Amino acid sequence: MSQDQFLEVIDRDEAERRFRAALRLEPLEAEEVALEKCLDRVLAEDIVAGVDVPSFDRSNYDGYAVRAADTFGASEEAPRRLKLLDEVIATGVVPQAEVGPGEAVTVATGGMIARGADAVVMVEYTDIEGGAEGTRSDTVPTLVVRHAVTAGFGISFTGSDIAAGETVLRRGEVLTSRETGVLAAVGRARVLVRRRPRVAILSTGDEIIPPGEEMRPGLVYDSNARILADAVRELGGLALMRGIVRDDVDELRAKLREAIAEADVVLLSGGTSKGAGDLSYRVVRELSEPGVVAHGVALKPGKPICLAAQRGKPVVILPGFPTSAIFTFHEFVAPVILKLGGRPALSRPSLTARLAVKVNSEIGRTEYLLVGLVETGAEPAAYPMGKGSGSVTAFSRADGFITIGRHEELVEAGTPVTVTLFGAGRRPADLVVIGSHCTGLDYLLGLLQDQGFHTKFLAVGSTAGLEAARRGECDLAGMHLLDPRTGQYNRPLLPEGVELIEGYGRRQGIVFRPGDRRFEGLEAAAAIESAKTLPDCRMVNRNQGSGTRILIDRLLAGFRPAGYSQQVSSHNAVAAAVIQRRADWGVAIRGVAEHNHLGFLPLGEERYDFACPTSRLERPAVRAFRQLLVRGDVRERLRQMGFVL
């Protein structure tokens with residue numbers, strides 16, 4: 001049989017452009033799976049907590065639930081004495097008692113905190129007088145407290161970890177054991193995830209035998225199928241190993257037809273050249289929708305790769321030599337598998353090294369040169385592995401590779417080179433947001449995830465977020481801080497080197513249970529004045545440093561109503577405290593009140609904006625975020641969520 005030549009050897013980027021244009025690259029459909037099968041799957045939905053975690057105010061210690069003010073000044077020499085109520089609050093029990101001034105109640109670790117109590121004294125700092133604990137006695141027992149506690153000590157408040165309504169995981173996240181733990185904590189037994197891409201792998205050639213068979217002259221073990229199958233699994237795909245196909249056109253044609261019908265991606269290993277006996281190309285070129293889009297790419301190793309597609313499905317013939325097959329797989333196929341699976345592109349770490357020896361390269365082809373790194377005390381030295389594209393061990397032993405441009409013929413020894421390392425670690429976030437939480441921000445970050453950006457958010461309050469921006473520790477800081485001098489939000493408070501990205505307005509107000517006559521029908525200011533004078537009317541406060549806390553303290557003007565020391569870190573947590581009757585009122589935004597069917601007395605409008613270090617304004621994720629804020633459909637959705645634009 002005469003040998004054909006390649007029709008066209010084209011540039012790597014042009015080959016990729018043609019290939020991508022022929023494919024359907026949207027993520028595969030979602031499927032619902034049980035929680036125990038979610039590990040390493042890609043979320044196809046945002047996970048919004050339907051419960052608070054913890055779901056009640058919980059004691060962190062064995063001890064006694066008290067009012068912290070009753071313990072102030074307590075010491076070994078001057079203990080405080082409290083009336084010990086006869087109830088014992090075990091785990092899983094709803095307390096019946098209410099702790100009044102000068103009273104305490106026994107509580108176990110994990111037990112629910114009784115109303116009225118705002119701290120826990122550990123049992124080792126106490127004694128009992130006037131009766132044995134847990135026994136009947138005519139003498140009312142007294143709790144002797146020998147250690148003072150502050151409000152909130154020993155208590156995990158409802159929603160302090162996760163608040164109902166909070167977005168705890170976002171679509172596009174790859175689930176590790178950390179994320180599956182969150183799913184379990186919020187009670188999710190089944191989850192929508194992206195279907196794994198199915199990748200059919202066919203090895204071709206009479207010389208190929210599977211591992212385990214006896215080796216004979218002229219044969220080679222099929223290492224490519226194993227490498228490719230495990231590489232597919234590392235990328236989150238399902239490898240369908242369809243065995244070895246002999247050099248028979250009819251058999252290969254039938255196997256290819258079956259593979260295209262059952263898989264999302266089809267890989268053939270070997271037979272990509274146009275020489276005598278190379279059948280893979282001859283069969284694949286029979287495809288016509290659109291069929292072969294590139295055959296021969298200016299790469300070393302990997303020149304004979306053949307890229308094709310059938311009705312949007314990738315069909316790729318990888319070179320038979322292992323190193324060539326691995327490189328071309330990662331260059332052209334791996335990104336496609338990641339996209340189909342809804343996973344982000346791999347982030348490859350790199351470092352600068354010194355080329356240890358002179359390297360000659362071939363003009364006209366981009367060369368990927370495997371290197372091993374040797375530490376020298378300064379920059380590491382990069383040594384070419386030098387075993388050729390047929391080597392199985394070169395790839396496994398190399399530390400990384402350098403890229404030599406297609407117009408470079410010679411790279412001298414001692415030249416600084418960039419080494420792309422194998423074995424990338426956990427992908428860093430493309431956008432780090434620190435500051436005040438907002439449901440609008442959750443929505444915007446979800447849209448960024450859809451665009452392929454990996455985001456990270458830390459809720460620390462507006463003040464701490466602005467400080468993080470000043471130190472350059474984040475890309476954005478969500479903030480709503482009122483400057484008392486100017487009466488303006490956010491902009492007057494920006495430090496040098498930080499710019500303001502305008503966000504949207506939010507309506508803050510008093511939230512309460514519908515029908516509560518202490519609030520129903522009143523103006524917000526009047527309701528607060530009334531609540532301040534009612535000892536049984538408990539508030540839920542916000543965390544120090546948050547914009548809402550600053551507003552609350554301004555409204556209270558130094559007064560400390562009942563519940564003032566109970567602090568939570570989000571608007572959703574405020575709503576949860578009111579709904580669960582742990583508090584009677586708090587300050588939150590209108591959208592949260594409406595979502596939870598709570599009463600709302602407006603206090604006014606505030607600005608929720610974003611502080612950004614000037615040095616980070618042009619980062620791709622920041623630019624994408626700014627573009628979202630001016631998009632018409634995004635602004636309309638924010639309006640529907642109750643925000644002011």
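Bear in mind that the values in this text are calculations on the coordinates, not laboratory data. Just so we're clear, the structure is a prediction, and the values are computed from it rather than from any experiment. A quick note on method: Cβ atoms are made from the backbone with ideal geometry, for glycine too, and the neighbour counts reach across all protein chains shown.
Worth pointing out:
- For the chain, with +1 on Lys and Arg beta carbons and -1 on Asp and Glu, the positive-most of 395, 625, 302 along the dipole: 625
- Backbone N atoms of the stretch 510-542 closer than 18 Å to the 7 Å Cα→Cβ label point of residue 98 belong to residues 513, 516-519, 531-540.
- Distance from the Cα centroid of the stretch 222-260 to that of the stretch 434-489 is 48 Å (rounded to whole angstrom).
- Against the chain, whose longest principal axis is taken from its Cα atoms, helix 223-234 shows a tilt of about 20°.
- Stretching the chain fully between residue 362 and residue 24 yields a gain of 118.2 nm (0.36 nm per residue, less the alpha carbon separation).
- With both residues required to sit in the chain, DSSP beta bridges show an antiparallel share near 70%.
- In the chain, the longest principal axis of the Cα atoms and the axis of helix 547-556 are about 10 degrees apart.
- Label-to-label distance, nm, for residues given as residue 483 and residue 257 (7 Å Cα→Cβ offset): 7.5 nm
- Nearest 10 degrees, 0 to 90: helix 620-630 Cα axis against the chain principal axis: 60 degrees
- Theoretical ellipticity at 222 nm over the chain - DSSP helices of four or more residues, -39500 (n - 2.57) apiece, nearest 500: -6500 deg cm²/dmol
- Compared with the direct C-alpha span, the chain from residue 517 to residue 544 gains 6.8 nm at full extension, assuming 0.36 nm per residue.
- Histogrammed with a bin width of 10 Å, the alpha carbon distances of the stretch 428-645 distribute as 8, 34, 34, 18, 6, 0 percent, first bin at zero.
- Packing-based exposure ordering (other Cβ within 10 Å, fewest first) of 456, 255: 456, 255
- Residues 420, 71 in ascending order of nearby Cβ atoms (within 10 Å, fewest first): 420, 71.
- Within the stretch 58-156: Cβ-based charge dipole about Cα centre, in debye rounded to nearest 20 (Lys, Arg +1; Asp, Glu -1): 260 debye
- Residue exposure sequence - 510, 337, 227 - by fewest surrounding Cβ within 10 Å: 227, 337, 510
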